[in-house]
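The values are calculated or read from the model by the stated rules, or taken from the named source; none is laboratory data. As the structure is a computational prediction, the values presented were derived from the model and not from experiment. Surface areas here come from the heavy atoms of the whole protein model, side chains and all, with no ligands, DNA or RNA. Shrake-Rupley method; radii C 1.70, N 1.55, O 1.52, S 1.80 Å.
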Amino acid sequence: MNTLEALNTRRSVRAYKPDTVPAETLDKILEAGTYAPTGMGRQSPIIVAITNKEVRDRLSALNAKIMGVDTDPFYGAPVVLVVLARKDIPTHVYDGSLVMGNLMNAAHELGLASCWIHRAKEEFELPEGHELLATLGLNADDYEGIGHCILGYADGDEPAPKPRKEDYVYRIA
């Protein structure tokens, strides 16, 4: 698959099999995330890779609580890659967003499904989020949650693409 094909065929998937993602595949996806462009090359983001089911389920419950639901906002995906970025870098939200894009596109290239799940900002403003980062030796006050990239094997067909809107591109020649 070439880059343009991957970009044109990747879809957000919202149903996952519980199957484990091989470590070597996950490592390739994580590496792709580290090569996302960042403002002035400052590399403000970090990626927290969660494959531990207990931690994943706790984070899912916290995300659901913020969302006001009692379902799994991670749609059963066995892997959650949380992207956070240093608040003191002016481009941190953009930097983290580019990391998210690289993670999702790399996953697609390697045969995995993915989806961007929101509410990471709110999660890591709460004591539970602070505690999770503290276990990694990180000060949560230094970081803003950008998003969760959920990963796994799709349980069913990927959705069809939505038609592109007519006024997406404007040209000045």
Per residue accessible area of the chain, 1.4 Å probe, in Å²: 59
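If I stretch the segment between Y35 and K162 completely, what's the gain in nm (0.36 nm per residue apart, minus their alpha carbon distance), one decimal? Don't skip to the end; give the middle numbers.
Values: separation 127, 0.36 × 127 = 45.72 nm, distance 2.86 nm.
Stretched out fully, the Y35 to K162 stretch lengthens by 42.9 nm.
Between D88 and T3, 0.36 nm times their residue separation minus their Cα-Cα distance comes to what?
Values: separation 85, 0.36 × 85 = 30.60 nm, distance 3.24 nm.
Taking D88 through T3 to full extension adds about 27.4 nm, to one decimal.
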Once the whole set of protein chains is in place, how much accessible area is left on E122, using a 1.4 Å probe, in Å² to the nearest 10? 80
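How much of the accessible area of region 76-140, in percent, comes from carbon and sulfur atoms when a 1.4 Å probe is used? Please list the in-between numbers first.
Values: 1600 of 2700 Å².
Carbon with sulfur: 59 percent of the solvent-accessible area.
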Length-normalised contact order of the chain, Cα under 8 Å, at least 6 apart, in percent, tallies to 33
Over the chain, how many pairs of lysines fall under 27 Å by alpha carbon, counting only those 8 or more apart in sequence or from different chains? 13
Over the Cα atoms of region 1-50, Rg to Rh with Kirkwood Rh, two decimal places? 1.02
Three principal axis lengths of region 1-138 [C-alpha, angstrom, descending]: 42, 38, 26
With θ set to phi - 60°, apply the Karplus curve 6.51 cos²θ - 1.76 cosθ + 1.60 along region 163-169 and write out the HN-Hα couplings as whole Hz, x wherever there is a Gly or Pro. x, 6, 5, 5, 9, 6, 10
What the 10 Å binned alpha carbon P(r) of region 75-131 shows, as percent of pairs per bin from 0, is 20, 48, 28, 5
Taking placed amide H atoms and a strict 5 Å upper bound, the residues 5 or more places from C115 or on another chain that come that close are V13, I150
